[in-house]
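Asker: Next up is a structure, given as structure tokens.
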Amino acid sequence: MLAKMTVFSHVLDKSCDITVVGPKKLEGTRPMKVTYLLHGLTGNDANWVQYTQLPLWAREGNTLFILPDAGRSWYTDAEYGQRYFTYVARELPGICRGLFNISGRREDTAVMGNSMGGYGALKCALTFPERYGLCCAFSPAAMYWREYLAMPNCVGLKKEFAGIFGIGVETTEQDDIMCLARAAAQKGCAPTIRVACGAQDFLLELNHRFAKEMAGFPLSFRYDEWAGEHDWTFWNEALRRVLGEFGC
């Protein structure tokens, strides 16, 4: 199954594109597992279909992949803009349960993403750890805002970030991945978390720091690294590996 759809979001007060990828047969009464697959800063809901082998891998099994379009929102309820975090994390799952026979069980629900989408996946899973059994972040960006914005190829984002996080780009605890991880660990119900980054990725140093700090929490966390850059060649392989490991 491969479909391009439009759903109406009351949170955003507009129609939103989603791409849906699933098994070749949707027969049977057993609810499907569901994976929300988030795109990066310059992407859209079609990227995982355009640049990876997801449609081929999804043909077998019992998982429906939901790919929402979140613009350049950083999956955040913007200070001066739309509430994309509320849309993706709260409203969209309800919309999809109304459209498809998908499971509402935590162990059947995953969230994944690349770059900005990796940040979004971590944010969703750590904000609502009781809803997700698995979170995978590939080359996640901006776990540390000031360091991220100081990088040569990111300094141009400062004005854009100001519109999302406020003039001073002071992130609150609800937007800070490390604060969310600490809170999720205290709840004792955090999902399994997998993070992967390419050895030639410009975000490698920040991902090393993130992996070291995450290792200090009582979480089911693993960091993987192999040769690769911040590109779809790496993310295709990262997706292949986690689908093979977890059978999503």
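Asker: Given all pairs of different Cα atoms, what value in angstroms does the Kirkwood hydrodynamic radius of the chain take?
Answerer: 18.0 Å
Asker: Sticking with the crude label model, points 7 Å out along Cα→Cβ, report the distance from K24 to A162 in nm, one decimal please.
Answerer: The two pseudo-label positions are separated by 5.4 nm.
Asker: Once you have all Cα-Cα distances for the range 114-248, histogram them in 5 Å bins from zero and send the whole-percent values.
Answerer: So the P(r) values, bin by bin, are 2, 10, 20, 23, 20, 15, 8, 2, 0.
Asker: Counting GluC sites (Glu not before Pro) as exposed when in a DSSP loop with at most 16 other beta carbons within 10 Å, what is the longest stretch of the chain free of them?
Answerer: Answer from the scan: 174-228.
Asker: With the contact rule set at Cα under 8 Å and sequence spacing of 6 or more, what percent relative contact order holds for the chain?
Answerer: It comes to 17 percent, rounded to a whole number.
Asker: Give me the net charge for the shell around L243: Cβ to Cβ below 13 angstrom, other residues only, Lys and Arg +1, Asp and Glu -1.
Answerer: Details: positive: K33, R59, R194, R240, R241; negative: E60, E237, E245.
Here the charged neighbours net out to +2.
Asker: Which chymotrypsin sites (Phe, Trp or Tyr not before Pro) does the range 18-127 hold that lie in a coil by DSSP with at most 13 other beta carbons within 10 Å?
Answerer: Of the chymotrypsin sites (Phe, Trp or Tyr not before Pro), the ones in loops of the range 18-127 whose Cβ has at most 13 other Cβ atoms within 10 Å are Y80.
Asker: In deg cm²/dmol and to the nearest 500, what is the mean residue ellipticity at 222 nm of the chain if only DSSP H runs of at least 4 residues count, each as -39500 (n - 2.57), divided by the residue total? Walk me through the numbers before you get to the answer.
Answerer: Numbers: 9 runs with 79 residues, N = 248.
Computed mean residue ellipticity for the chain: -9000 deg cm²/dmol.
Asker: With θ taken as phi - 60° and the coefficients 6.51, -1.76 and 1.60, list the Karplus ³J(HN,Hα) couplings across the range 229-246 in order, rounded to whole Hz; mark glycine and proline as x.
Answerer: Per-residue couplings from phi come out as 10, 7, 8, 6, 4, 5, 5, 4, 5, 4, 5, 4, 5, 6, 5, x, 6, 9 Hz.
Asker: Over the alpha-carbon set of the range 127-185, work out the extent along each principal axis and list the three values in angstrom, largest first.
Answerer: Principal extents (Cα only, largest first): 36, 23, 16 Å.
Asker: Okay, moving on. Could you let me know the centre-to-centre spacing of the range 103-164 and the range 55-75, using Cα atoms, in angstrom?
Answerer: Result: 15 Å between the Cα centres.
Asker: Please report the antiparallel percentage of the DSSP beta bridges confined to the chain, to the nearest 5. Walk me through the intermediate numbers first.
Answerer: Details: 13 of 39 bridges.
DSSP beta bridges in the chain are roughly 35 percent antiparallel.
Asker: How many nm separate the modelled label positions at E79 and R222, each set 7 Å beyond the Cα in the direction of the Cβ?
Answerer: Each label point lies 7 Å from its Cα, and together they span 3.9 nm.
Asker: If you don't mind, another one. Could you please rank M214, M151, placing first whichever residue has the fewest other Cβ atoms within 10 Å of its Cβ?
Answerer: Ascending Cβ contact count within 10 Å gives the list M151, M214.
Any read-out appearing in this document is the output of simple, stated calculations on the displayed coordinates, not a laboratory observation. All figures in this text were calculated on a predicted structure; none of them were measured in a lab. Neighbour counts run over all protein chains shown; Cβ positions are idealised from the backbone, glycine included.
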